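The values are calculated or read from the model by the stated rules, or taken from the named source; none is laboratory data. Predicted model only: the values in this text are computed from it and were never measured. As a convention, Cβ positions derive from the backbone with ideal geometry for all residues, glycine included, and neighbour counts pool all protein chains shown.
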Amino acid sequence: MKRPKEIKKTGNSSEERNERSRALMQGRRRFLKNSSLSAIQLAIGAHLLNGSSSLNLNQHAQLKSLLSQIEGKHPGMRVLNDRPINAETPAHLLKDLVTPADLFFVRNNGLVPTNINADTWKLTIDGEAVSRTKTYALQELKTRFENVRYQITLECGGNGRQEFNPPAKGNQWTVGAVGCAEWTGVRLRDVLEDVGIKNNAVYIGYHGADLHLSGDPNKEVISRGVPIEKAMEPETIIAWAMNGEDLPVLNGYPLRLVIGGYPASCSGKWLTGISVRDRIHDGSKMGGQSYRVPCKPVAPGSKVADEDMCIIEQMPVKSLITYPKTGATIKLGDTLPIKGHAWAGERNVQTMALSIDFGKTWQPCNLTKAVNKFAWQHFEGKLKFPDKGYYEVWAKATDDKGESQPMLLPGWNPRGYLNNACHRIAVKVI
Ligand SMILES: Nc1nc2c(c(=O)[nH]1)N[C@H]1C(S)=C(S)[C@@H](COP(=O)(O)O)O[C@H]1N2
Ligand SMILES: [Mo]
């Protein structure tokens, strides 16, 4: 099939930017105007692709073509662009306790490798801090080391970027660059111990088989990593399966890192190598402005020098309302069940609260415990509304160190990372 021409986001006038930051209000208008689900899907897609909410026939055809390209993914995914492929999951489609493979978001920095052969796939461990370089066949990894299964939440560091003002460059993720799947693999620790790591180990960095957008095979698309202590945690794994099946190609088939609590950019896909470094890993997208935030808070719109930027480590506490879908209508007097997930980087979520009055008052709701470290937790509440009209439901998680989600966008930063503001949905009571 012919690739459609790349669709560029053009909504960069200040008016359109304001329009984007009023996404929730748009949601409200949408539910008042459109009744059919597909019309809403298309309006959302058009909004993301073009910064406008109307769609001409040509755009319609392009969007359809884009959706059909996202191989093996649910047609309800919001496609942000096609080169590289990026797609997020609308909140209401993240309702499952464990995210199904076809609904797991896709964040690619380069081109998906072609001609992948799992039978000949190899992983090489090297670097300044290993005793010797060692290479494992995929099959060897599976059989030589203890196999483990964990539910681990992965969230892109740029999830929520769309809300930043002044806007931040990059994929305009709304809330859906997150998912929690059950991953099968081996502990990175076991493999590193088998290779033999030296006392000077400081960091690990990954290498993947994807191709740089320039087509230059010598340029690494992305090669990030984590401190050695994080690499040695029992839940840091090299995984070949998602929910008991081979990884989807777009999510790193046949092998990837899965590292909970840190930005998902640390979880290298199409994994071919791991370097154990004697310094902070200096691979592609470790330096400059990538996946880094100002070390000290800055005013919105500031330019920040590279040397004043710090690498993002733990992700902050966050939650997502997955039921009902924004724009739901209920009858006055009825009880509205609210469901969703909450997660907190390295921590646990301790309490979950809901507000229907823009944060003036909060009511607690039920929250499950995580099945294992780094799995998201689930909340459930029941809401009654005092009168007919328009409401917003806000959800706020608090972690076990007493840190809560902010109600407004937290710490503006040049690339728009770490937005953990409360998720809000619109509800109409009739
Ligand atoms: N090789 C490789 N690994 C990668 C990336 C990539 O572009 N190439 N993207 C990273 C980023 S930024 C994120 S958020 C996660 C996304 O994982 P997913 O596509 O499985 O959701 O993969 C990370 N691992
Ligand atoms: Mo990411």
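Residues in region 115-140 that are in a strand (DSSP E or B) and either of a type outside the set (Gly, Ala, Ser) or not assigned by TED's automatic domain parsing to the domain that holds GLY225 (or both): LYS122, LEU123, THR124, ILE125, ASP126, VAL130, LYS134, THR135, TYR136. Kindly indicate whether any position in region 148-164 is without any contact (Cβ under 8 Å) to a residue 60 or more places away in the chain and not aliphatic (A, V, I, L, M). Yes, region 148-164 contains at least one residue that is without any contact (Cβ under 8 Å) to a residue 60 or more places away in the chain and not aliphatic (A, V, I, L, M).
Does VAL258 fit the bill of being aliphatic (A, V, I, L, M), more than 13 Å from ligand 1 (Cβ to nearest atom) and at pLDDT 95 or above?
When the stated conditions are applied, VAL258 does not pass them.
Scanning region 251-271 for residues that are part of a loop (DSSP other than H, G, I, E, B), away from ligand 2 (no atom under 13 Å from the Cβ) and aliphatic (A, V, I, L, M) yields a single hit, LEU255.
Among residues belonging to region 150-179 that are among the small types (Gly, Ala, Ser) and more than 10 Å from ligand 2 (Cβ to nearest atom), point out the one that is nearest to LEU97 (Cα to Cα).
Filtering first and then ranking leaves GLY179.
The numbered conditions (1) within 16 Å of ligand 2 (Cβ to nearest atom); (2) β-branched (Val, Ile, Thr); (3) out of contact with any Leu (no Cβ under 9 Å at 6 or more places or on another chain) are all true for VAL293 except (3). Here THR351 passes the criteria (1) in a loop (DSSP other than H, G, I, E, B); (2) touching a Pro at 6+ places or on another chain (Cβ under 8 Å); (3) polar (S, T, N, Q) except the one numbered (1). From the list TRP362, TRP376, the one residue that fits, being among the aromatic types (Phe, Trp, Tyr) and under 19 Å from ALA91 (Cα atoms), is TRP376. VAL79 meets all of the listed conditions (1) within 12 Å of ligand 1 (Cβ to nearest atom); (2) over 30 Å from ALA201 (Cβ atoms) but one, namely (1).
Checking each residue in region 192-244 for being aromatic (Phe, Trp, Tyr) and over 17 Å from ARG107 (Cβ atoms) picks out TYR203, TRP240.
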